[in-house]
Amino acid sequence: MRPPPTEYIRRTRESYEKLGFEPYRWFHAETEPAFAAPSKPLAESRLGMISTAGTYVQGQVAYYYKDDTGIRAIPRDTPLAKIRFSHIMENYLVEARQDPAAVFPSDALANLRADGVIGELADNYYSCMGGIYSQKRVTAELIPSLAAAIDKERIDLLLLVPL
């Protein structure tokens, strides 16, 4: 039986306490982002993806558990058998390790592309560790790195797959 949807809040607080961190403070934007309608149909668009599950390819450096603001480029044709995960919330990765497509749906995107639902796919998908304690480092380091990487992919739409 799955825990209730908000069970992750309690589990996150407990995990951070076990690691010796201060209580986790959830980030809330002061304003809602404006809705931006896609400029063209999905079948004519180039799609990218970001996973916050600490996804990396076998052979790349795994994520550190404390405030790792690094990103990993994952070539879109990487076989799921070579996908690995490293995240501060290790207990959230049981299902992801059993089925990497649950948080890194690259095969599903390739199938949608082959069926003509998606126009093109980015050459690389990107990953980060979503459980970063320092909001300041997320703003100053992670977001600019992801933005620069995504800009190089010349995408029209971005799929965010959270852990």
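With the charge dipole of segment 38-163 set up from +1 on Lys and Arg Cβ and -1 on Asp and Glu Cβ about the Cα centre, the Cα lying farthest toward the positive end among the listed residues Gly59, Ile155, Thr69 is that of Thr69. With a simple spin-label model that places each label point 7 Å from the Cα along the Cα-to-Cβ direction, the separation between Arg13 and Glu120 comes to 4.7 nm. May I ask you to list the residues of segment 112-132 whose amide nitrogen lies under 18 Å from a point 7 Å from Cα along the Cα→beta-carbon direction of Leu42? Answer for this model: 112-122. With a ≥ b ≥ c the root eigenvalues of the C-alpha gyration tensor of segment 30-147, is it rounded (a/c under 1.5), prolate (a/b larger than b/c) or oblate? Judged from the Cα gyration tensor, segment 30-147 comes out oblate (a/c at least 1.5, b/c at or above a/b).
The shape of segment 24-87 comes out oblate: with a ≥ b ≥ c from the C-alpha gyration tensor, a/c is at least 1.5 while a/b does not beat b/c.
With all protein chains in place and ligands, DNA and RNA left out, the 1.4 Å accessible area ranks Lys18, Lys66 as Lys18, Lys66, largest first. With the cut-off at under 17 Å, measuring from each backbone N in segment 38-77 to a point 7 Å along the Cα-to-Cβ line of Ala102 picks out 51-56.
Val103 contributes about 20 Å² of solvent-accessible surface, heavy atoms of the protein only, 1.4 Å probe.
The values are calculated or read from the model by the stated rules, or taken from the named source; none is laboratory data. Quantities reported herein were computed from a predicted structural model and do not represent experimental measurements. Note that each Cβ is placed from the backbone with ideal geometry, even for glycine, and that neighbours are counted across all protein chains shown. Areas reflect the complete protein model, heavy atoms only, side chains present, ligands, DNA and RNA absent. Shrake-Rupley method; radii C 1.70, N 1.55, O 1.52, S 1.80 Å.
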